[in-house]
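Some notes on the structure that comes next.
The values are calculated or read from the model by the stated rules, or taken from the named source; none is laboratory data. Keep in mind that what you see is a predicted model, and the values were worked out from it rather than measured. Neighbour counts run over all protein chains shown; Cβ positions are idealised from the backbone, glycine included. Areas reflect the complete protein model, heavy atoms only, side chains present, ligands, DNA and RNA absent. Shrake-Rupley method; radii C 1.70, N 1.55, O 1.52, S 1.80 Å.
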Amino acid sequence: MKSLLKPAAMLFASFALLQAPAAQSQAYPAKPIRFVVPFTPGGGNDVLARALGQKLYEAWGQPVIVDNRPGAAGNIGAEIVAKAAPDGYTFLIAANSILAINPTLYDKAPFDPVKSFVPVTLIGAVPIVLVVNPSVPASSVNELVALAKSNPDGLSYASSGSGSPQHLSAELFKSMAGVKIVHVPYKGAAPAVTDLLSGQVQVLFGPINSVLPHVKSGRLRALGVATTKRLAYLPDLPTIAEAGVPGYRSDIWFGLVAPAGTPKEVVDKLNREIAKILVQSDVKEKLAAQGIEPLTSTPEEFATLIKTDLARWAKVIKDSGARAE
């Protein structure tokens, strides 16, 4: 009897060892998850982190800690995640400014946007809109281009700072449209919009949430949206590409990445759950209030976007001479 029990026990032990990885995968998450937000509370990254975190807690029963780590245009928070243990419990809520712009804008970024992280999924985007002060004698993108060409450097555009998405969106437009417009950088979006409203500057490529109220009130004129298709809630506003600058595209996107080496089963599980969350009506309403359009992707699609935008913005940065302030 003993000789029969011993092989049976050994077989059971071997089977248990083989099942251990699967059991661990099924048990994930077994402790709180941390979402590092590389900016102060209240911005798009933070809103997304808290909306997703609450829903993940409801689905999985583990708290999601939102850890705000601002500084160096997001580089500090990104470095924290790049150096974190790849155990599936630390993630970065990253904007394209961090993964596709900062690596070129800064002489020595403390991370590699491709090698330091594993993409999980896109989670949202904020459309950028080309707006002008109503005093500008242009009612379309084509008319603005013609005006700029007839009076080189006679127009000025505002941005929230050198190397910001607003700045680079305008520089990309200038390059593709073949025009000269003077850059006036500000320390933040609010003062840039204020001076645009007063007519101190004439043009702005701004996030839709910061300019739409002024467009609706008539204090600013929208000429085009920088997305690849028209917005459902602004169907009469053409894209910049269809209105005069073919191929033009720019937006502010957000995505979730993990430290390099994070297990694929964890990445895939989180990807699937976030895809379920982002179609829920209450989440969509919360994001819409901040001008955020929910987006999802496969990890592979997100990885391709990072590489594509990294190359695209590197050219714009080098051509424009933009440097980190």
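Summary of values
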read-out	value
Between 0 and 90°, nearest 10: helix 2-27 axis offset from the chain longest Cα axis	10
Computed [θ] at 222 nm, deg cm²/dmol, the chain (DSSP H ≥ 4; -39,500 (n - 2.57); rounded to nearest 500)	-14000 deg cm²/dmol
Charge dipole of the stretch 108-236 about the Cα centre (unit charges at C-beta), most positive-ward option of L220, L168, S135	L168
Cα gyration tensor shape for the stretch 269-325, rounded if a/c is under 1.5, else prolate or oblate	oblate
Computed magnitude of the charge dipole of the chain (debye, nearest 20; Cβ of K, R +1, Cβ of D, E -1)	460
Antiparallel bridge percentage (DSSP; both residues within the chain; nearest 5)	60
Dipole in debye (nearest 20) - the stretch 35-155, about Cα centre, beta carbon charges: Lys, Arg +1; Asp, Glu -1	80
Of all accessible heavy-atom area on the chain, the percent that carbon and sulfur account for (1.4 Å)	57
Spatially proximal lysines relative to K286 (Cα-Cα < 16 Å; intrachain offsets below 8 disregarded)	K55, K276
P(r) of the stretch 176-238 over all Cα-Cα pairs, binned every 5 Å from zero, in whole percent	3, 15, 26, 24, 17, 12, 1
Theoretical gain in end-to-end length, T40 to N142 [0.36 nm per residue, Cα-Cα removed]	32.9 nm
Positive-pole candidate from A100, T298, L48, dipole of the chain, charges at beta carbon	T298
Reported label for calculated Kirkwood radius over Cα pairs in Å given [x] 18.7; [y] 22.0; [z] 21.3	[z]
Average accessible surface area per residue within the chain, 1.4 Å rolling probe, Å²	46
